[in-house]
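Everything on this sheet refers to the single structure shown next.
The values are calculated or read from the model by the stated rules, or taken from the named source; none is laboratory data. Quantities reported herein were computed from a predicted structural model and do not represent experimental measurements. Cβ placement follows ideal geometry from the backbone for every residue including glycine, while neighbour counts extend to all protein chains displayed.
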Amino acid sequence: MLKHVLKATVLATTMVLAAGTFYTPAFAETVYNRGAAAEAETLDPHKTSTVYEADIIRDLFQGLVMHDQKTNLIPGAAESWTVSDDGTVYTFKLRKGGLWSDGSPVTADDFVYSFRRLEDPATAAEYASMLYPVKGAEEVNTKKGKPEDMGVKAIDANTLEVTLKAPTPYFLEMLTHQATYPVNKASIEKLGADWIKAGKLVSNGAFTAAEWIPNDHLKLVKNPKFWDAASVKFDVVNYIPTEDRSSAMKRFEAGELDSYGDLPTEQLADLKAKFGDQVRVGPYLGTYYYAIKTDKAPWDNVELRNAISMAIDRDFLAEKVWQNSMLPGYSMVPPGIEGYTPALAKYADMSQIDREDEAKKILEKLGYTPEHPLKMEIRYNTSENHKNTAVAIQEQLKPLGVEVSLLNTDTKTHYSFLEQKGDYDVARAAWIADYKDPETFLGISRKASGNNYSIYNSPKYEEAMDKAAAAGGKPEERMKELAKAERILVDEVGNIPILYYSYHDIVSSKLHGFDDNVMDIHPSRFISKD
C-alpha cells in the first residue's frame, strides 16, 4: 500500500470545520471527527491506492474477512471458511443476514462480480495484480482469458468457492484489503459513474457515505442494515482532511479533531510534553522510499541509482528530520515479519563517509561533479515531514555534484501523477503493508503492478518472484526465495528505500478501541468515545 500510510456523545453544539463549513450534530448524536492527512481520491474499492482511502473504505465496505482493532483476522461478510488439503481451494460461507445498505442481500454472486471487475482491464485497478494468485485472474487482466474462466464461483447464494493457482499462505490476510471488497452490481448498472457519490453509494459495511464536501469533510453515517449494527457506537464519522500537520495539531488541541494519523515530527518533543500519552509512536510495517524512473536516462543506469542511494544519510534523516520516530531503511521489506530476513543494501554496514566517497567516485566516473552537476528533481506530496526530508537530501547530494530541485503538489495530485506514469526523476512514495507478508512490499515492483511507480522491469526479478510463488506450499523455502528476489531488487535499485516507518498518531484520551498495532489499522466500528 503504496505504499506507499490514518487515521461522542455530542450535545447540541456547533463545530467549525476546515473550510468554514458548520456542522451541527443532532441532540445526543455520537460523532467521531477523524482527521486525515490527505483527501481521498475515490470511494471505489477497486480504484483506490492510498491508506487515506483505505481507512474510509474499511468503514464503508466489508470483505470476506476483516481485521479487528488489534489486526487479528476475523470473519467479515463470510462467517466461516474451509481450505482444501492442497491449499488451493477456499470455500466461504456468507452470512445469511448480510445485507447491502439498500436492504438487498449480499450474495456469492456479488463477490464473483467484484473479483471479475477488479481484473477487468477497463477498471484500470491499481491493485489488479493482487488477485493474480487466483486461477485465471492474471489472464483476464492481461486480456488473455475470459472472466468466466476465473477461479471464483458461486456454488449457491451463500457459498463462494475460490480456486488458486498454487498454495498462497497470505491469501486470507490479502482478503482484508479493500481491493477485494464487494461492490453492488445493481447500483453500478443503474447509476453508472454516479454509483460512488455520497448519498447514493450502496455499501455493506458499518457506515454509509452521506455527504462529501471536497477538502472539507466526508460524512459517514451508521448503516442500520449492517449485520452487527448494534455494536457500532458512532452515529456519524466525519473524515476531515488536513494536509498541514501543524494546523491539524491546533485543531486537535481545540477539540475539532478526535484523532489524526500523522504528526509534524519537528514538533514531536513538544507534542509529547503537551499531550502526553495521547501521542502514540510505535513500530509500523511500512517503508518510506523514493521511486526513481528506471526507464529514463540517465536513471536507467543502475550505477547512478546506486550512487544516489548510497549518498543519502539515513541516520541523519531518522534522527534529525524525523526525531527518531523512523528508522534508517536499507531494504524494501521492513523488519518485523515473522520468518523473513530482509535483504539489505550491500553498503548498509559501511560508514556514511565511506558511502559518500564511493558515491562520489561513481558520479565522477559518469561525468558528474560540482562543476558539471547532475540535475535531479525530487517530487513530494504536501507535508512538512516530506519537505524537510527532501531538503535534507538536497543538501546531502549537493557536494557530490548533484543539483536537486524540489517540486511539491498536494497528495491527490502527486499520486495521480505517479499512477499515470508521469515523467519525473525521483518521487517520494511509501508502502504500508496490505497484509503481513513480504510479498506486499515486493509485489509492487513487479512489471504488472499498477503501483510500480519506478517502471522497474527486471526479468531476473520476475523469475525470482515466480519461483517464490511456486513454493507457496513450503513456507520456509518460500521466504528464502522471496529474500533472493529482494536481493535482486535492492542490488538493481528498483527503488531507493530510505526509512522504516513508525506510526505517529495523536488520539484523544476520550476515545476507546483505537488500539496500537503494527498495521496502524483502526476501524471506526470498534471505536467509542466518552
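Observations on the model:
- Some residue of region 102-117 being among the acidic types (Asp, Glu) and either under 27 Å from the mean Cα position of the chain (by Cα) or assigned by TED's automatic domain parsing to the domain that holds PHE441 (or both): yes
- All strands (runs of 3 or more DSSP E) inside region 351-455 with 1 or more residues being of a type in the set (Lys, Arg): 374-381, 426-432
- Given (1) farther than 30 Å from ASP300 by Cβ; (2) polar (S, T, N, Q); (3) surrounded by 20 or more Cβ atoms within 10 Å (Cβ to Cβ), number of the condition ASN495 does not satisfy: (1)
- Among residues of region 317-336 that are assigned to a helix (DSSP H, G or I), those with a beta-carbon under 9 Å from a residue that is small (Gly, Ala, Ser) at least six positions away or on a different chain give the pairs LEU317/ALA392; ALA318/SER325; ALA318/GLY329; LYS320/ALA392; VAL321/ALA392.
- As a summary of the residue check, TYR290 satisfies the conditions (1) aromatic (Phe, Trp, Tyr); (2) modelled with pLDDT of 95 or more; (3) farther than 23 Å from LYS361 by Cβ; (4) outside any loop (DSSP other than H, G, I, E, B) except for the one numbered (3).
- Considering only residues in region 250-265 that are of a type in the set (A, V, I, L, M, F, W, C) and either modelled with pLDDT of 95 or more or assigned to a helix (DSSP H, G or I) (or both), the one that is surrounded by the most Cβ atoms within 10 Å (Cβ to Cβ) turns out to be LEU257.
This table checks each residue for (1) in the same structural domain as VAL391 (by TED's automatic domain parsing); (2) more than 21 Å from ALA392 (Cβ to Cβ); (3) over 23 Å from the mean Cα position of the chain (by Cα).
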{"position": "MET310", "(1), (2), (3)": "yes, no, yes"}
{"position": "TRP322", "(1), (2), (3)": "yes, no, no"}
{"position": "MET326", "(1), (2), (3)": "yes, no, no"}
{"position": "GLY329", "(1), (2), (3)": "yes, no, no"}
{"position": "VAL333", "(1), (2), (3)": "yes, yes, no"}
{"position": "GLU338", "(1), (2), (3)": "yes, yes, no"}
{"position": "ALA345", "(1), (2), (3)": "yes, no, yes"}
{"position": "ASP349", "(1), (2), (3)": "yes, yes, yes"}
{"position": "ASP354", "(1), (2), (3)": "yes, no, yes"}
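- Verdict on GLN352 being under 28 Å from PHE417 (Cα atoms) and either in contact with a Ser or Thr (Cβ under 9 Å, 6 or more places away or on another chain) or modelled with pLDDT of 95 or more (or both): no
- When region 336-376 is filtered for residues that are closer than 30 Å to GLU243 by Cβ and surrounded by 14 or more Cβ atoms within 10 Å (Cβ to Cβ), the ones remaining, listed by number, are GLY336, MET376.
- Yes/no for VAL134 being in contact with a Gly (Cβ under 9 Å, 6 or more places away or on another chain) and at negative phi: yes
- Residue within region 361-373 that is of a type in the set (Gly, Ala, Ser), out of contact with any helix residue (DSSP H, G or I) (no Cβ under 7 Å at 6 or more places or on another chain) and more than 26 Å from GLU266 (Cβ to Cβ) present: yes
- Complete set of residues in region 406-459 that are of a type in the set (Gly, Ala, Ser) and farther than 17 Å from GLU41 by Cβ: ALA433, GLY443, SER445, ALA448, SER449, SER454, SER458
- Residue in region 405-426 that is at pLDDT 95 or above, closer than 18 Å to VAL493 by Cα, assigned by TED's automatic domain parsing to the domain that holds GLU371 and buried (at least 22 other Cβ atoms within 10 Å of the Cβ) present: yes
- Any hit, region 159-168, residues being in contact with an Asp or Glu (Cβ under 8 Å, 6 or more places away or on another chain) and at pLDDT 95 or above: no
- Matching option when the condition is more than 24 Å from the chain's Cα centre (by Cα), surrounded by fewer than 20 Cβ atoms within 10 Å (Cβ to Cβ) and either assigned to a strand (DSSP E or B) or on the phi > 0 side of the Ramachandran plot (or both), among GLY282, GLY276: GLY276
- Where a residue in region 25-42 is among the acidic types (Asp, Glu) and its partner, wherever it lies, is part of a strand (DSSP E or B) and at pLDDT 90 or above, with Cβ under 7 Å and at least six apart: GLU29/VAL236; GLU39/PRO241
- Selection from region 185-210 of residues that are assigned to a helix (DSSP H, G or I) and in contact with a helix residue (DSSP H, G or I) (Cβ under 7 Å, 6 or more places away or on another chain): LYS185, SER187, ILE188, TRP195
- Single residue of region 2-47 satisfying the filter (modelled with pLDDT under 90 and polar (S, T, N, Q)) that is surrounded by the fewest Cβ atoms within 10 Å (Cβ to Cβ): THR14
- Only strands (runs of 3 or more DSSP E) whose full extent lies in region 61-164 are considered here, and the ones with at least 2 residues that are surrounded by fewer than 21 Cβ atoms within 10 Å (Cβ to Cβ) are 73-75, 78-83, 89-94, 152-156, 159-163.
- Residue satisfying all of: in region 508-526; surrounded by fewer than 23 Cβ atoms within 10 Å (Cβ to Cβ) and over 19 Å from the mean Cα position of the chain (by Cα); nearest to PRO264 (Cα to Cα) among these: SER508
- Test: residue in region 432-455 that is modelled with pLDDT of 95 or more, over 20 Å from the mean Cα position of the chain (by Cα) and of a type in the set (Phe, Trp, Tyr): no
- Scanning region 323-346 turns up at least one residue that is touching a His at 6+ places or on another chain (Cβ under 6 Å) and modelled with pLDDT under 95.
- Evaluation of SER524 against (1) over 30 Å from SER331 (Cα atoms); (2) in contact with a Gly (Cβ under 6 Å, 6 or more places away or on another chain); (3) hydroxyl-bearing (Ser, Thr, Tyr) (one fails), failing number: (2)
- Against the numbered list (1) modelled with pLDDT under 95; (2) at positive phi, GLY513 comes up short only at (1).
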